[in-house]
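A short write-up of the structure that comes next.
The values are calculated or read from the model by the stated rules, or taken from the named source; none is laboratory data. For clarity, every value in this text was computed on a predicted model and none was experimentally measured. FYI the Cβ positions are ideal-geometry reconstructions off the backbone, even for glycines, and counts take in every protein chain you see.
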Amino acid sequence: MRLVATKSVEPGTKLGKPIFNDNGQVLLFEGVELTERVLERLLNLGISFIYIYDERTEDIVVEDVITDETRHKAIKFIKREFQSISNDLKLNMSINCDYLSRNFSEVVKSILSDIKQKEDALALLSDVYVYDNYIFTHSLNVTVYTLALAVEVGFTEKQLMEIGLGALLHDVGKMAIPSEILNKPGRLTREEFDVIKTHPKVGFDMLKNLPNISLVTAHCALQHHERMDGTGYPQGLTNESIHLYAKLIGIADVFDAVTSHRVYRRPMLPHEALELLYSGVNTQFDKRLVEAFSRAVAVYPVGVTVTLNDEREAIVIKQNKQLSSRPVVRVISEKGKKLESSYDINLMQQINITIVEIESTQAAPASSKKE
Ligand SMILES: [Fe+2]
């Protein structure tokens, strides 16, 4: 299986992994032959990269980070709880959160158990999902990334549960933002962005008085856009004043926002998103946390085509848990000449060989993110 830019896929190629919608229903099945029309439709939906079948990488399986069961359960609960909050807000009623904490704790437990069973660094989460409402998938992805980071840093079980709950609810304030602004496909005006920027405080106010939600969870919602140098919002807090959990969520939030498929820009690949995070070390993000995050996520996704420093072209076939920037690759061409039979190199063992380029990044220029 290979991960390629949708734009470069030849009609007739077979899809390697199904594409789902937010309800977990399959939009396109694995193995389906991609016609010109389907490929165009995928691009219109903002799907810039897809997995395809490929003879040379037939044996490569790209495993999902969380099981389908966990994902479907999580999306179902997030949707239900967020929609019920949104309805309560519309009716000016106090928020009914009888099941919120119980359901969400169950989701956090399932995600944690899935993450802990994986030996490899965390793969990209956003490659095969089409969103009808981005906030549900985003809340789930941020929770998975935040928990992977938190496990890497080494928090206790109790703390992991608190962090996971904070991550699931970090953007709950967005339920009070008009959907024309929230789901606007293009760039936001200054006024619209000012409205978006109210969501941390709105979320905090929603959560702080709920009987079965701890105050630290409410602070995750309040502070996840705060940055170390005080340039964040809503309070412009600096380093020591920002809660550690909110710092973790802030990193996962940015990573998911820039690596997700959105119609108005192409997604970044993990190595680009990590570069972005590294460029904000000590100004926006805590250095220790960014380093831990780069150990927790896979820098080069399995299936992606890379160029090595000696002009060999290869496909990433396996992660190295100890160092995700040096995966195992399968060489398919040397100096522009396709090989009759390919061979594998473990970049952990051949430290003189480096990855200098990723094929899919040439798909289209990335424009700046929404938030
Ligand atoms: Fe947010």
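Report yes if some residue within the stretch 22-34 is surrounded by fewer than 18 Cβ atoms within 10 Å (Cβ to Cβ), over 26 Å from residue 185 (Cβ atoms), of a type in the set (Gly, Ala, Ser) and assigned by TED's automatic domain parsing to the domain that holds residue 267; otherwise report no.
Looking for residues that are surrounded by fewer than 18 Cβ atoms within 10 Å (Cβ to Cβ), over 26 Å from residue 185 (Cβ atoms), of a type in the set (Gly, Ala, Ser) and assigned by TED's automatic domain parsing to the domain that holds residue 267, one finds none in the stretch 22-34, hence no.
In the stretch 215-260, which residues are among the β-branched types (Val, Ile, Thr), farther than 15 Å from residue 281 by Cβ and within 11 Å of the ligand (Cβ to nearest atom)?
249
Considering only the stretch 164-189, how many residues are crowded, with 22+ Cβ neighbours inside 10 Å and more than 16 Å from the ligand (Cβ to nearest atom)? Give the derivation first.
To start, the set of residues in the stretch 164-189 that are crowded, with 22+ Cβ neighbours inside 10 Å comprises 164-175.
Checking which are more than 16 Å from the ligand (Cβ to nearest atom) leaves us with 164.
Total meeting the criteria: 1.
Looking only at the stretch 45-65, which residues are at pLDDT 85 or above, buried (at least 22 other Cβ atoms within 10 Å of the Cβ) and not aromatic (Phe, Trp, Tyr)?
Across the stretch 45-65, the qualifying residue is only 50.
With respect to the numbered conditions (1) assigned to a helix (DSSP H, G or I); (2) within 16 Å of the ligand (Cβ to nearest atom), which one is the sole condition not fulfilled by residue 160?
Checking residue 160 against (1) assigned to a helix (DSSP H, G or I); (2) within 16 Å of the ligand (Cβ to nearest atom), the one that fails is (2).
May I ask you to list pairs of residues, at least six apart or on different chains, whose Cβ atoms are under 6 Å apart, with the first in the stretch 173-200 being farther than 19 Å from residue 221 by Cβ and the second being within 14 Å of the ligand (Cβ to nearest atom)?
192/181
Exactly one of (1) away from the ligand (no atom under 13 Å from the Cβ); (2) outside any loop (DSSP other than H, G, I, E, B); (3) surrounded by fewer than 20 Cβ atoms within 10 Å (Cβ to Cβ) is unmet by residue 201. Its number?
Single failed check for residue 201: (1).
Please tell me if residue 32 is among the β-branched types (Val, Ile, Thr), in contact with a strand residue (DSSP E or B) (Cβ under 9 Å, 6 or more places away or on another chain) and under 30 Å from residue 102 (Cα atoms).
On the way: among the β-branched types (Val, Ile, Thr): yes; in contact with a strand residue (DSSP E or B) (Cβ under 9 Å, 6 or more places away or on another chain): yes; under 30 Å from residue 102 (Cα atoms): no.
No; evaluated as a whole, the condition is false for this residue.
Would you please name the residue that is nearest to residue 154 (Cα to Cα), looking only at residues in the stretch 92-117 that are β-branched (Val, Ile, Thr) and in a helix (DSSP H, G or I)? I'd like the intermediate steps shown before the answer.
Let us first name the residues in the stretch 92-117 that are β-branched (Val, Ile, Thr), namely 95, 107-108, 111, 115.
From what is left, the residues that are in a helix (DSSP H, G or I) are 107-108, 111, 115.
Working: 107: 20, 108: 16, 111: 16, 115: 13 Å.
That would be 115.
Over 22 Å from residue 140 (Cα atoms) and surrounded by 16 or more Cβ atoms within 10 Å (Cβ to Cβ): is that true of residue 270 in this structure?
Working: over 22 Å from residue 140 (Cα atoms): no; surrounded by 16 or more Cβ atoms within 10 Å (Cβ to Cβ): yes.
Judged against the criteria, residue 270 is not a match.
Condition test on residue 7, is it without any contact (Cβ under 8 Å) to a residue 40 or more places away in the chain and either surrounded by 12 or more Cβ atoms within 10 Å (Cβ to Cβ) or within 22 Å of the chain's Cα centre (by Cα) (or both)? Break it down stepwise before answering.
Details: without any contact (Cβ under 8 Å) to a residue 40 or more places away in the chain: no; either surrounded by 12 or more Cβ atoms within 10 Å (Cβ to Cβ) or within 22 Å of the chain's Cα centre (by Cα) (or both): yes.
When the stated conditions are applied, residue 7 does not pass them.
Identify, from the list 245, 278, the residue that is aromatic (Phe, Trp, Tyr), part of a helix (DSSP H, G or I) and within 25 Å of residue 204 (Cα to Cα). It would help to see each step written out before you state the result.
On the way: 278 fails: within 25 Å of residue 204 (Cα to Cα).
After applying the criteria, what remains is 245.
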